[in-house]
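Here's the structure, in structure tokens; my notes come after.
Every number in this text was worked out from the coordinates using simple rules, so none of it is lab data. Given the structure is predicted, the values throughout are model-derived calculations rather than measurements. Heads up, the Cβs are rebuilt from the backbone with ideal geometry, glycines too, and the neighbour counts pull from every protein chain shown.
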Amino acid sequence: MKPSYSCALSIVLFACVLSWPAWAIQPRDFSDPQQQARYQQLIAELRCLVCQNESLAESQADLAEDLRNEIDVLVRAGRSEQDIKTYLTDRYGDFVLYNPPVKVSTYLLWFGPFALMVGGLIFLIILLRGRSRRVAVALTTEEQQRLKTLLQNDRSDHP
Amino acid sequence: MRAIIPLFLFAGLLALLYSGLALNPREIPSPLVGKPAVAFIAELLSDPSQRIDQRLLSAKGPSLFNVWASWCAACLEEHGQLLALARRGVIPIYGLNYKDERSTAQRWLARLGDPYAATVFDPNGRVGLDWGVYGVPETFLIDQRGIIRHKYIGPLTPELVEKDLLPRLAKLRAEQ
């Protein structure tokens, strides 16, 4: 094999590797652009239960493909976004939503970080106030006297 | 004393994070628990001419509905446990053969033994989707009224059967 030939081959193979994700998930064509947009938005917002850190739009898991097919069918049938989300949460729970609804069981998730931040700020303010008060305390006349003598002694020790 | 407070806070944080490590992220609570067995009509794995529905699952009191496939390694691991449970005769086990080929699945059962009272054939995963299946094996515990009472995700282990399944079953029988 001539070097140039093997080089070209490796470039082609490398290009195949690069393009793998592009052709693994088939894009879908909807005649209605509104349906196309709804489909795209849904698969980006829904989570694959197998590869839990991927959306349905990204995941190559078998289950993700099944769910994309299902959403495709439902979108073509003219079902609304909310309908389709309910269809999936009825089966898989809130876990499939990357954007979970605000309800009692998700309060901690939604408001926990803010509660922590407020708590942290209050703690910080108390800490800083305590510190500034300590600095502001003035010396009593007695203490000032003592300080003066100490300083004078110091100077006489090291001329 | 004041200097120790951050140390306590840190220990608390460590305890919290450590307990988080023990959680299994694959165990997603099913919204189906507490709801009636999801309706389906499907062929039997053993006989394409026979169609059954979800009422079969509660026809003889509480039962297990076990989702499996011949391509699933964890199912193979679990299989001995199901066979042992079937031999004890404490609870009928129904199978849902998920996204499999009929001949392969039948051969798998012939080779390893068949713990199932009946197996539903679900080649395209349609029934599985309605039951919220996302990882095989999964096992549903169904009570005598046809309500889904619990879902086990992943293989049933002897420990799980003794410490969780059998106590749950005893409770179901007491309700009767």
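For residue A:148, the aspartates and glutamates whose Cα comes closer than 16 Å to its Cα, not counting residues fewer than 8 places off in the same chain, are A:157. Annotation: amide H of residue B:152 within the under-5 Å range of B:139, B:140, B:141, sequence separation 5 or more or interchain, hydrogens built in the peptide plane. Separation of segment A:64-141 and segment B:106-157, taken as the distance between their Cα centroids, equals 35 angstrom. Residues A:140, B:157, A:89, arranged from fewest to most other Cβ atoms within 10 angstrom of their Cβ, appear as A:140, B:157, A:89. Remark: relative contact order (chain B) = 27 percent; criterion is Cα-Cα distance under 8 angstrom and separation of 6 or more residues. The ranking of B:150, B:79 by Cβ neighbour count inside 10 Å, starting from the fewest, reads B:150, B:79. Measuring between alpha carbons in the structure, the pairs from B:35/B:171; A:103/B:171; A:103/B:163 lying more than 28 angstrom apart are A:103/B:171; A:103/B:163.
Bridgeable aspartates and glutamates around residue B:99 (alpha carbons under 12 Å apart, same-chain partners fewer than 8 residues away excluded): A:62, A:66, B:122. With respect to chain B, whose longest principal axis is taken over its alpha-carbon atoms, helix B:5-21 is tilted by about 10°.
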